[in-house]
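The values are calculated or read from the model by the stated rules, or taken from the named source; none is laboratory data. Values in this document were obtained by computation on a predicted structure and should not be read as measured data. Here Cβ is always computed from backbone atoms with ideal geometry, including for glycine, and neighbour counts include all displayed protein chains. Only protein heavy atoms, including side chains, enter the accessible area calculation; ligands, DNA and RNA are left aside. Shrake-Rupley method; radii C 1.70, N 1.55, O 1.52, S 1.80 Å.
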Amino acid sequence: MKTAPRIVALPFVTLLLLSMATLAIAQANNSPLEKSPISTGVLMSRAVRAGRVHLNQSASGNATLPDLTCGPPPCVLPNVNVSQSSVLANEVPVVVNPRNSQQILSGANDYACANIQGFYASSDGGSTWTRTCLNAIAGDFGEGDPGVGYDLHNVAYITGIDANSGIVFETSHNNGATWSAPKVAAAPFFSGGLADKPWFEIDTYPASPHANALYISVTQFDPSSNSQITVSHSNNGGTTWTTVPVDTKQLFPNVDQFTDIATAKDGTVYVTWIRCTANGASGDCGGTTASIMLSKSTDGGNTWSAASVIFTATLAPDPKFCCFYGALPNTSERMSNIPVIAADNSFSVHSGNLYVAYYNWTGNFMKVYVATSTNGGATWTSKAVAPSSATHDQFFPWVNVNRQGLVGVSWMDRRNDAANINYEAFASFSANGGASFTPNQDLSAAPS
């Protein structure tokens, strides 16, 4: 059972973080970031350090914490500013300790941290939080992309990118009160390259043959923007790591990016990512059809199956020539399409199902889907999560499965703004293995 779920704004877990900030950007196209296949978090951290983006504080964070009880579940809990500042904090993962449901760990690209990597731990179900900033390897500096996890020994892990060292991590044996010194988990695979856009996962199913194994999937870029997906794994709590390429190196303009990982209760590890070709109208992947890729390992990450295309998705166009993977309409905001994968490790009738959340550009707006596989990823069926009446942009989806086999999906949605600009976080659920989804629930206290 994957009892330490990755959830973004799902209402059956206390959450969490509203980033209150404004960006003062002085460029004609309103985008200070290079048009590059590298992740937005890395490009943003570089822009801040170079002075191309200036972060301005707005209103202060919450002074009092709301009542975190509600019912019946699933229900929407009040928003809590766990980053404890009004400085920009985004790209927020969250996990629950599989051994102690009162312990919650989250993180963000936290621009109030000198190293742009903030992490937040709660020991009382989300009522109070302890904040820390990830340290860099000596002589290096952070570039965001937080990861969080708990193993079956109550050890907490936090991960992020260091510009030169690769993916680094720290551990805590007291739920975030103190943290170890940083160590390297996954170094750059190519000389002079970048270990980018990591995702961190722990096998927390006690009966798994690889229980407590740590996994980090990475997009490895060489200096020429050629890319390759790797997965690094550790079987001894991070003391040593092994990095294995999942598929062949892609030569630009072909690009691999945006991995995600899920572990099944039999120990199988699944990794997903997108593959696109930078031949769109803007000279990038915007507006092109991307392949959703899948590979799996049955031996703890030592070897991987031949990568396969499980389905395709059209990426949003890039009309402003700003955004390598397409732009959020009416903005110059870079739009990722992470094929988020989750495994049903419950003992329900849908145990073993795989779910992938993604968006597809319809030609008019971005629409979120959840694809379901009942045969280990061989075939897939997709369902929209929003009603047909919702015809404004839906983006940044995430999906997970709880201990009873309930599938939860969250995403950003512009349905309540006729101008298709402001957005709110929504969620929906499926109790029948992804065959249908419940009426959508608005998670936001106010539009962003």
* Normalise the Debye intensity by I(0) for segment 274-397, one equal point scatterer per Cα, no solvent, then take log10 at q = 0.11 Å⁻¹ and round to two decimals. => -0.43
* **Residue-normalised accessible area of the chain, given per residue in Å² at a 1.4 Å probe** => 36
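Using heavy-atom solvent-accessible surface (probe 1.4 Å) with all chains present, what is the largest-first order of Val309, Val255, Val92?
Numbers: Val309 85, Val255 0, Val92 30 Å².
Output order, biggest surface exposure first: Val309, Val92, Val255.
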* Cα pair distances exceeding 27 angstrom across segment 206-335, given as percent -> 28
* Run the quick spin-label model on Ala378 and Lys183: label points 7 Å from Cα toward the beta carbon, then report their separation in nm to one decimal. => 4.1
* To do: Quote the accessible area belonging to Tyr215 in square angstrom, nearest 10, computed with a 1.4 Å probe and with ligands, DNA and RNA left uncounted.
  => 0
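Taking a quarter of the surface of the Cα convex hull of segment 92-133, what do you get in nm²? Show your work: numbers first, answer last.
Details: hull surface 11.2 nm².
Taking the Cα atoms of segment 92-133, their convex hull projects to 2.8 nm² on average.
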* To do: Calculate the dipole size of the chain relative to its Cα centre from +1 charges on Lys and Arg beta carbons and -1 charges on Asp and Glu beta carbons; express the result in debye to the nearest 20.
  => 260
* **Calculated [θ] (222 nm, deg cm²/dmol) that DSSP helices of n ≥ 4 give over the chain, each run adding -39,500 (n - 2.57)** => -500 deg cm²/dmol
* Structure fact -> Highest GNM mean-square fluctuation among Ala108, Ala278, Ala378, for the chain with Cα springs under 10 Å, belongs to Ala378
* Asked: So how do Asp162, Asp442 rank on accessible area, 1.4 Å probe, biggest first, that is with the largest at the start?
  -> Asp442, Asp162
* Structure fact -> Descending accessible area (1.4 Å probe), largest on the left, turns Arg414, Arg46 into Arg46, Arg414
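I'd like the trypsin sites (Lys or Arg not before Pro) in segment 232-300 restricted to DSSP loop residues with at most 15 other Cβ atoms within 10 Å, sorted by number. Don't skip to the answer; put the middle values down first.
Numbers: sites: Lys249, Lys265, Arg275, Lys296; in loops: Lys249, Lys265.
The qualifying sites are Lys249.
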* Heavy-atom accessible surface of the chain: percent carbon and sulfur, 1.4 Å -> 52
* Net lengthening on full extension, His173/Gln441 (0.36 nm per residue, minus Cα-Cα) -> 92.9 nm
* Asked: By a straight-distance test (C-alpha under 19 Å), which aspartates and glutamates pair with Lys183 as possible cross-link partners, with residues fewer than eight away in the same chain excluded?
  -> Asp140, Glu143, Asp145, Asp151, Asp162, Glu170, Asp196, Glu201
* Asked: What's log10 of I(q)/I(0) for the chain at q = 0.07, 0.10, 0.12 Å⁻¹, Debye sum over Cα points only, no solvent?
  -> -0.30, -0.64, -0.98
* Asked: Where does the charge balance sit around Arg275 when Lys and Arg score +1, Asp and Glu -1, over other residues with C-beta under 11 Å from its C-beta?
  -> -2
